[in-house]
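The structure appears below as structure tokens.
The values are calculated or read from the model by the stated rules, or taken from the named source; none is laboratory data. Nothing here was measured: the structure is a model prediction, and the numbers come from that model. Backbone-built Cβ (ideal geometry, glycine too); neighbour counts: all protein chains shown. For accessibility, only protein heavy atoms count, side chains too; no ligands or nucleic acids. Shrake-Rupley method; radii C 1.70, N 1.55, O 1.52, S 1.80 Å.
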Amino acid sequence: MNFEFSDEQKQMATQARRYLADKCPSTAVRAILEGPEPYDKALWKGLAEMGFLGVVIPEEYGGLGLGYLELCVIAEELGRALAPVPFSSSVMLATEFLLAAGSDAQKRAWLPRLASGDAIGTFAYAEKAGAVTPKTIQLSAANNRLNGAKTAVPDGDIADFAVVAARTGTSISLYLVDLSAAGVTRTTLDTIDPSRSHARIDFADAAAEPLGAPGEGLRLISEVFDRAAVLTAFEQIGGADRTLEMARDYALERMAFGRPIGSFQAIKHMLADMYVSATLARSNGCYGAWALSTGAAELPEAAATARVSATQAFQHCAKNNIQVHGGMGFTWAFDCHLFYRRSNLLSVNLGSLSQWEDTLIQRLRARNTAA
Amino acid sequence: MNFDDTPQEAAFRAEVRAWIDANAPTHLLEGLRSSGFGGLNLEGADPITLSKNWQKKKAEAGWACLHWPKEYGGRGATPIERVIWGQEEGPYGALGGVFIIGHGMCGPTMMAFAAEEHKRRYLPPLAAGEEIWCQLFSEPAGGSDLAGLRTRAEPASDGSGDWIINGQKIWTSGAHYSDYGILITRTDPTVPKHKGMTMFFLDMHSPGIEIRPIKQANGQSGFNEVYFTDVRIPDGQRLGAVGDGWKVSLTTLMNERLSIGSGMSTGFPELFDLCCRIETQNGLAVDDPAVRSKLATWAVRTTGLKYTGFRALSALSRGEIPGPENSIGKLVAGPTMQEIAMFAEDLQGQAGVISDPDIAAANGRFQAMLMRSPATRVEGGTDEILRNIIAERVLGLPADIRVDKDVPFNMIPTSGRA
Ligand SMILES: Cc1cc2nc3c(=O)[nH]c(=O)nc-3n(C[C@H](O)[C@H](O)[C@H](O)COP(=O)(O)OP(=O)(O)OC[C@H]3O[C@@H](n4cnc5c(N)ncnc54)[C@H](O)[C@@H]3O)c2cc1C
């Protein structure tokens, strides 16, 4: 037994951290948050050149052909840096859908471009507020044409293609849609975290090709979401760690009543609790990473465990980071809100915390019954 | 990252399993499995005798205190082998409860500070469970503030070099069945409090020791008051230098947090099981989304602790020394166990008040857990002290302001109301 990342994986993390410290300081995040650009194109290109967009894509499709542990460490670094790029949509979802269900032609068409960063992919799922269930998916597909609308699609305004969950009679199927095609209209949405772009996408008789077998949509979504859940957990773990560090550093610096605020127990204990959440999340993340990288049968429950724990930790750390910073924490100039925004954005990516909690217990139950 | 046993680990596991299958007291298994928190269900048999029997058997075959060196009664096993042993020992591990303080805290302290001849004399019978040890630290004047202790050790007036002990300890678990104990005392009240303490080990049957059991809030009597009246200890039983008691005690306390905190139960598997059998107003509890949400939080805390332990173990195998970050185990498990016990009572409704193991759901384990868990949040460092440790020693925040730090011990005020 060994429960640590290897030296090579740690080196990869260091390399990514150095690169991001240089190319993605918080001024770069703010440039996207405040400016007209939907994402940091130079950073995206740079990440592609480092090979980070194609870590798990097989070499024959232009990727590095490495494993998921490598991808986890990259996700963590991107989370720490709040990288304003469509990594989660393109790498954690679109790539995974293609790997899970794409035909050879589809893989050839898109994977090399995803790996090189020349194409961005995303997944279009929700249609209105509330949990997405088979009933709420009303966008319909017939004769490879889509009609309906998707909302709050991450990177929906910048993606070149989307994997779309569509109703086909009584079942749900997946389609691959070129978003520059006729009949597709995209509207950028105002969100709580403009450093990551979201859009509404309307489909009016838009041309689409099936991805995977008809009626297999829900199974594929569940499978890909489990994989993305582990990767997102690492993104959240990176954010949780960074906010804990920010709060700790500020607590050492800021004086009140003639002493550093970090000497008040109320602050010390708040930070200790943040450390506990972040530590539990990292340990659960390792469990998920192990299951993902080895294809273990426990992946469904490991993924839900990692996801619930990481969502709780990042939200907990990001909100208390503001509390530790006092009034400064509520200024635009301090970075606290950037993390607060991102923590609350990621908490509903791939389904909400309460849904994942529910999923986790269902899965534990299924396993207990089977045992 | 790899969960699977290496070939050596697998071979070791097979050896352990074969030995346990052939030697474990299988007739106790069912009782041990259904044992509550804070008590063993052994059908009236004396738990100390049964525990000693099992420990002795393990020791004879080389399975006691696996990570200790062989010459002191251990096996010289790796940290991972120790975990494998624990996994395979399973419910029989509950028979080790009375030895936890001796093996987890007194043993390591002896190993670090006792004279060689004493290590050879005392450690093997401690490992084999022939002699039980206790920890005489807390006093009425100071548990968290251990350095506030007042039990005095003074040189004997007969010039023998012996020490004469007078004072009182409190909350001493197992003092009533212990053979030896480690004792921290004050040897110099005229210097600031952390500087004037000295550690010893002593025979609990020494003349002048009086042990009075304390009835606990849960009705049991696991801990005691221990009074010392002119108890004599030879100087050779001093652990560390005179005045170095604080430093020695830190070794004990760090080992305490390691051994109490690691692998601690939160009660989650028991609760999950209950939820699969009990009804709420919305049907089976486990099908109720409100219940699920709570369960999920406790589930991820439980697995999070388990894998935090695995990560610590990997670091240990690499040769890293376990540090203050191990405080997390008890800090998470204690409050979680209490929350779980309260929720389990809530699920049982009116019948949740029944504690009789023959009638109550899950053999009354949740009621026992409910009544035991407040102690978990206090013993071996309260939740608040553990948070201080994490804040100061892991995160590097400033120490609490100590008004008594540089004051000679005998000048420190003793009543908050003065
Ligand atoms: C079941 C059980 C078994 C035990 N077994 C043993 C044993 O075998 N040997 C032994 O020596 N002791 C033993 N103890 C004693 C235990 O270590 C002490 O009870 C514990 O350290 C707390 O000390 P105290 O009781 O004096 O509480 P206090 O220190 O008086 O604490 C009271 C409250 O004040 C808080 N507090 C105190 N100081 C601070 C601070 N600096 N910052 C913030 N909050 C603070 C505490 O967190 C707590 O909430 C046992 C206790 C229990 C419950």
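Think of the protein assembly as shown as having a plus end and a minus end, set by charges on the Cβ of Lys, Arg, Asp and Glu; of A:Leu146, B:Cys65, A:Tyr61, A:Leu146 sits farthest toward the positive end of this dipole. Counting, for every residue in B:307-317, the Cβ atoms of other protein chains within 10 Å of its Cβ and taking the mean gives 5.
Per residue of A:251-261, other chain Cβ atoms within 10 Å of the residue Cβ number 1 on average. Within region A:122-215, the ratio Rg/Rh, alpha carbon atoms throughout and Rh by Kirkwood, equals 0.95.
Efficiency by 1/(1 + (r/R0)^6): what FRET value for A:Arg219 and B:Gln87, r their Cβ-Cβ distance, R0 = 35 Å, to the nearest 0.05? Rounded to the nearest 0.05, the efficiency is 0.50. Note on chain A: with a GNM built from Cα contacts shorter than 10 Å, the maximum mean-square fluctuation among A:Ala302, A:Ala240, A:Ala100 falls on A:Ala100. Shown here: region B:264-381, whose C-alpha atoms stretch 52, 29, 20 Å along the first, second and third principal axes, sorted largest to smallest. Legend: translational diffusion of the protein assembly as shown by Stokes-Einstein, Rh = Kirkwood radius over C-alpha pairs, 25 °C, 0.890 mPa s; D = 84 µm²/s. Within region A:255-294, the proportion of C-alpha pairs whose separation exceeds 13 Å stands at 63%. Bridging of B:Lys56 to lysines at a Cα separation below 25 Å is possible for B:Lys70, B:Lys119, once same-chain residues fewer than 8 apart are set aside. Legend: residue pairs B:Lys195/B:Lys405; A:Lys268/B:Lys195; B:Lys195/B:Lys247; A:Lys107/A:Lys128; A:Lys107/A:Lys135; B:Lys193/B:Lys330, Cα-Cα distance threshold 20 Å; pairs beyond threshold, A:Lys268/B:Lys195; A:Lys107/A:Lys128; A:Lys107/A:Lys135; B:Lys193/B:Lys330. Packing-based ranking of A:156-166, A:60-70, A:220-230 yields A:156-166, A:220-230, A:60-70, ordered from highest to lowest mean Cβ neighbour count within 10 Å. Across A:Thr136, A:Thr279, A:Thr305, mean-square fluctuation computed from a Gaussian network of chain A (C-alpha pairs under 10 Å connected) peaks at A:Thr136.
Legend: helices of chain A (whole DSSP H runs) are marked when their alpha-carbon atoms reach 27 angstrom or more along the helix axis and their mean Kyte-Doolittle hydropathy is at least -1.0; marked are A:217-253, A:265-294, A:299-329.
Comparing B:Arg152, B:Arg402, B:Arg82 in a Gaussian network model of chain B, where Cα atoms under 10 Å apart are tied by springs, the biggest mean-square fluctuation is seen for B:Arg402. Per-residue shielding of B:383-390, expressed as the average number of other chain Cβ atoms within 10 Å of the residue Cβ, stands at 4.
Placing +1 on the Cβ of every Lys and Arg and -1 on the Cβ of every Asp and Glu, with no other charges, gives chain B a dipole of roughly 660 debye about its Cα centre. Net charge dipole, chain A: roughly 820 debye, given to the nearest 20, about the Cα centre with Cβ charges of +1 for Lys and Arg and -1 for Asp and Glu.
Each semi-axis of the equivalent ellipsoid for chain A is √(5λ) with λ an eigenvalue of the Cα gyration tensor; in descending order they amount to 34, 23, 21 Å.
Binning all Cα-Cα separations of region B:7-127 at 10 Å, short to long from zero, yields these whole-percent fractions: 12, 43, 33, 11, 0. Using the Cα centre of the protein assembly as shown as origin and beta-carbon charges of +1 (Lys, Arg) and -1 (Asp, Glu), tell me which of A:Ile322, B:Leu313, B:Ile359 is placed farthest towards the positive end of the dipole. The residue sitting most towards the positive pole is A:Ile322. Over chain B, the Kirkwood radius and the radius of gyration, each from Cα atoms, give a ratio Rg/Rh of 0.98. Partners of A:Lys41 within straight-line reach, counting lysines whose Cα lies under 19 Å from its Cα and excluding those fewer than 8 residues away in the same chain: A:Lys23. Share of carbon and sulfur in the accessible area of region A:122-215 stands at 52%, probe radius 1.4 Å.
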